[in-house]
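No value in this document is a laboratory result; all are computed from the given coordinates. This structure is a prediction, so every number in the text was calculated from the model and none was measured. Virtual Cβ from ideal backbone geometry, glycine too; neighbours counted across all protein chains shown.
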Amino acid sequence: MVDLQHQYHQLKTEIDRAILDVLESTQFILGPNVSSFEQEVARYLGAPHAVSCASGTDALQLALLASGVGPGDEVITTAFTFIATAEAICQVGATPIFVDIDSRTFNIAPASIEQAITPATRAVLPVHLFGQPADMAAISAICARHRLTLIEDCAQSFGATAQGTMTGTIGSFGCFSFFPSKNLGCCGDGGLITCATAEDAESLRALRNHGSTKRYHHDRIGLNSRLDELQAAILRVKLKHVEQFNQARRRVAQRYSAGLSDLVQLPYEDGKGLHVYHQYTLLSEHRDRIMTSLNNHQIAGAIYYPIPLHRQQVFREQCCGQSLPVTESVAARCLSLPMYPELADQDVDRVVAVVREALEA
Ligand SMILES: *Cc1c(COP(=O)(O)O)cnc(C)c1O
């Protein structure tokens, strides 16, 4: 699905030098690369503040903690996402409330959010799935109307925009992951939270470092969740290229779409935002046939996500009998094709040919 070797080789000189400089400095935790990276990301995204942490999952948990979300609170989110989105909600003691998605964008449907609001609702947590921005104009309006905290899961959407604004800068918090396969990926785990106010940034900085603002003084229970200097140094190198990587992903997507438009439901672009194609995900009634054919040709294909969260064992009791028809229908038909910036035209064409052959047979 993803070939990370190309990118490393392309940036090897710069990355290797950055790593060796950190090793030589022996400053490994909360040093100059972390603070510079935070400033550089904030500038790139147009976010007032950026606070790094150890993973995208922690970014979500830290944002929820900083918002004061806890036991007894409900957080409305999507069931068509990676488990981490809901896991973070549970980790702070709150309850994820799963609502249905839009059949074209696969993102949380604003109308279904409104229907799920109760007196216990504290926050809404949309995911910009596969790099496609959620309908932020509608979701922001709902959150403002009901005084709910808006936390964006941007793990798959670094550089995506919604109505000209970067995802992660629209709600109160934007949560990013730098897992190696993400659009901006490091060489291990890493994450970051963007936020709008200085108070929230200060709170996040304390929470990621054992609830401490002054050494050995602890104001609340936090986490040990810091991005390390090695990862920050690598990310500073890659950040300079991320725009070009995202453009390359879009070119790959356009080539897939041109080759498959008559046979499958293509990823949808509404023209209101910029989709950065973390994944290229199509819908087909014949997904299994395509998958078998890809595998027979040693081409990777993947199903993100085969079991929506409301159908997972861990939520069996909570979601007992819950039906999310659009989510279930999409989960039964979705298929993601290989996607990374360095994917060559001839490789894209080969994947297209194999998919066409599977469907036309
Ligand atoms: C990857 C991902 C996360 C978690 O990020 P990690 O850095 O792996 O903890 C959260 N949400 C979504 C939608 C993701 O894709």
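Near the amide H of T149, within less than 5 Å, lie the amide hydrogens of A123, V124, all on another chain or at least 5 residues away, with H placed in the peptide plane.
What number do you get for region 1-89 when its Cα radius of gyration is normalised by 2.2 N^0.38 Å, N = residues?
Dividing the Cα Rg of region 1-89 by 2.2 N^0.38 Å gives 1.44.
Distant-in-sequence amide contacts of S52, defined by a placed amide H-H separation under 5 Å and a gap of 5 or more residues or a different chain, comprise I193. Remark: T77, T13 ranked as T13, T77, counting other beta-carbon atoms within 10 Å and listing the fewest first.
Based on Cα contacts under 8 Å between residues 6+ apart, the chain shows a relative contact order of 21 percent.
Kirkwood hydrodynamic radius for the chain: how many Å is it when counted over pairs of different Cα atoms? Final number for the Kirkwood radius of the chain is 21.0 Å.
Listed by Cβ neighbour count within 10 Å, with the fewest neighbours leading, H49, H310, H286 appear as H286, H49, H310. Here the scattering of region 58-170 is modelled by Debye summation over its C-alpha atoms, one equal scatterer each and no solvent; at q = 0.12, 0.16, 0.19 Å⁻¹ the log10 of I(q)/I(0) is -0.35, -0.64, -0.93. For region 72-145, the relative contact order is 35 percent, taking Cα pairs closer than 8 Å that sit 6 or more residues apart in sequence and dividing their mean separation by the residue count. Ranked by the mean number of other Cβ atoms within 10 Å per residue, highest first, peptides 128-136, 301-309 order as 128-136, 301-309.
Between C187 and Q346, full extension at 0.36 nm per residue minus the direct alpha carbon distance yields a gain of 54.4 nm.
Taking other Cβ atoms within 10 Å as a rough exposure proxy, E360, E202, E74 sort from fewest to most as E360, E202, E74.
The share of alpha-carbon pairs in region 242-360 lying farther apart than 21 Å comes to 43%. Per-peptide packing, taken as the mean over residues of other Cβ atoms within 10 Å, places 162-171, 86-95, 258-267 in the sequence 162-171, 86-95, 258-267 from highest down.
Computed over region 134-291, relative contact order equals 19 percent, with contacts defined as Cα pairs under 8 Å that lie 6+ residues apart. Approximating the spin labels as points 7 Å out from Cα along Cα→Cβ, the Q312-to-E87 distance works out to 0.7 nm. A full extension of the chain between R43 and T118 corresponds to an added length of 23.3 nm, given 0.36 nm per residue minus the alpha carbon distance. Our estimate of slack between D288 and Q10, defined as 0.36 nm per intervening residue step minus the Cα-Cα distance, is 96.6 nm.
Between Q27 and K272, what FRET efficiency comes out of the Förster formula 1/(1 + (r/R0)^6) with R0 = 41 Å and r the beta carbon distance, rounded to 0.05? Calculated transfer efficiency: 0.40.
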